[in-house]
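Worksheet: one structure, shown below.
The values are calculated or read from the model by the stated rules, or taken from the named source; none is laboratory data. Quantities reported herein were computed from a predicted structural model and do not represent experimental measurements. Cβ: placed from backbone, ideal geometry, glycine included. Neighbour counts: every protein chain shown. All accessible areas refer to the heavy atoms of the entire protein, side chains included, with ligands and DNA or RNA removed. Shrake-Rupley method; radii C 1.70, N 1.55, O 1.52, S 1.80 Å.
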Amino acid sequence: MNMKKRRGRTFRKRRRNHSRYFSQCDVNLSHKCEYICLKKWLKERGYEDNILRPVQFSERGRGLMTTKALQAGQSIIALPEKCLLTTDTVLNSYLGEYIIKWRPPISPLTALCTFLIAEKWSHKNSPWQPYLDLLPETYTCPVYLEQDTVNLLPEPLRRRAHEQRSLVQKLYNSSKSFFFSLQPLFSEDVESVFNYSAFQWAWCTINTRTVYMKHSQKECFSREPDNYALAPYLDLLNHSPAVQVKASFNEKTRCYEIKTLSCCAKYKEVFINYGPHDDQCLLLEYGFVATSNPHNTVHVDTDTLLKYLVPEDKQKCVKVSILQEHRLLESPTKSKRLESG
């Protein structure tokens with residue numbers, strides 16, 4: 001009887017302490033079926049965690065909260081290789097024989113897009129269903145936005161967005177023949193399975209959620225870099241320019257590991273750092289902007305600069321040339337995904 005009372009008081013004390021740190025507007029998602037299924041799925045593949053909790057934060061949306069204080073140098077997460085979705089996953093699947101036979105070879109990115117679309121179509125028959133169920137249905141990066149919305153973006157971001165959208169459309173068009181070759185795998189017409197909307201979703205999933213993981217070059221793929229890895233649960237960690245982390249795939253443990261180089265208090269959101277990107281790059285690549293971003297810059301295109309330079313300046317051309325040489329008139333078009341730092 002006394003044991004029960006002591007346990008009750010301890011429980012109430014923990015609840016009081018927890019409420020001091022946990023905002024009433026933040027919602028713990030651990031009890032939801034889809035997160036329970038994902039944690040069970042991860043456990044079957046060798047990942048167990050008693051520190052991180054999925055939470056819907058009032059200011060930032062989904063993220064991971066720590067139930068214990070984290071010190072600099074401490075591990076945030078170590079995700080086993082079996083949990084990672086890479087081109088090796090794709091080649092070991094039903095798509096492997098089609099990819100190996102196809103000429104000219106498709107890119108690693110196309111292979112991953114194809115696999116995501118196919119697995120989403122299979123849904124409940126997919127072994128990746130617990131992960132797929134938690135992926136966003138839509139994205140806020142310019143590739144996924146309506147054209148009218150993209151046209152409202154300021155220059156030079158609007159121009160970069162149009163270039164990126166054009167590249168994705170071109171990749172889709174060049175992949176159509178390969179998609180048609182997969183018809184024996186589907187009861188439905190592949191043209192409806194691999195439509196452009198599905199491809200946009202898959203491309204944005206990979207571009208916004210993968211971590212950097214270098215793979216050896218394979219003959220069945222084109223020469224584009226093969227350095228993508230989708231990392232379930234880990235990809236719920238949000239970006240903050242105020243923190244530093246060290247992230248890489250550990251060849252000895254065969255896990256993708258992230259260690260924090262910053263402290264994090266108990267019951268606070270755990271952040272990682274995607275890199276020293278300004279808000280233009282973050283919006284273009286990930287679909288968001290950061291609060292109090294120390295890496296923010298103002299991008300000035302050549303035409304605007306020339307408009308305000310003194311016409312009599314004899315060194316005008318030399319000055320513009322120097323700025324172009326040091327890429328100070330160009331905005332970044334590609335960010336590096338999370339990698340060892």
*Which of (1) open to solvent by less than 30 Å² (accessible area, probe 1.4 Å); (2) part of a helix (DSSP H, G or I) does residue 134 not meet, given it meets every other one?*
(2)
_In region 39-85, residue modelled with the lowest pLDDT [restricted to those that are touching a strand residue (DSSP E or B) at 6+ places or on another chain (Cβ under 8 Å) and among the basic types (Lys, Arg)]_ = 60
*asked:* With the structure loaded, tell me whether residue 98 is hydroxyl-bearing (Ser, Thr, Tyr) and outside any helix (DSSP H, G or I) or whether it fails that test.
replied: no
_Tell me yes or no: at least one residue of region 293-312 is open to solvent by less than 50 Å² (accessible area, probe 1.4 Å), in a helix (DSSP H, G or I), at pLDDT 85 or above and farther than 30 Å from residue 72 by Cβ._
no
*Limited to region 208-234, what total is found for residues that are in a helix (DSSP H, G or I) and out of contact with any Leu (no Cβ under 9 Å at 6 or more places or on another chain)?*
1
*Restricted to region 169-201, and to residues that are in a loop (DSSP other than H, G, I, E, B) and under 23 Å from the mean Cα position of the chain (by Cα), which residue is nearest to residue 113 (Cα to Cα)?*
194
*Across region 103-125, what is the number of residues that are surrounded by fewer than 16 Cβ atoms within 10 Å (Cβ to Cβ) and either on the phi > 0 side of the Ramachandran plot or not in a helix (DSSP H, G or I) (or both)?*
3
*Picking from 198, 290, 202, which residue would you name as being under 23 Å from residue 165 (Cα atoms), of a type in the set (A, V, I, L, M), surrounded by 15 or more Cβ atoms within 10 Å (Cβ to Cβ) and touching a strand residue (DSSP E or B) at 6+ places or on another chain (Cβ under 7 Å)?*
290
*Counted residues, region 245-284 - those being β-branched (Val, Ile, Thr), open to solvent by less than 40 Å² (accessible area, probe 1.4 Å) and not in a strand (DSSP E or B)*: 1
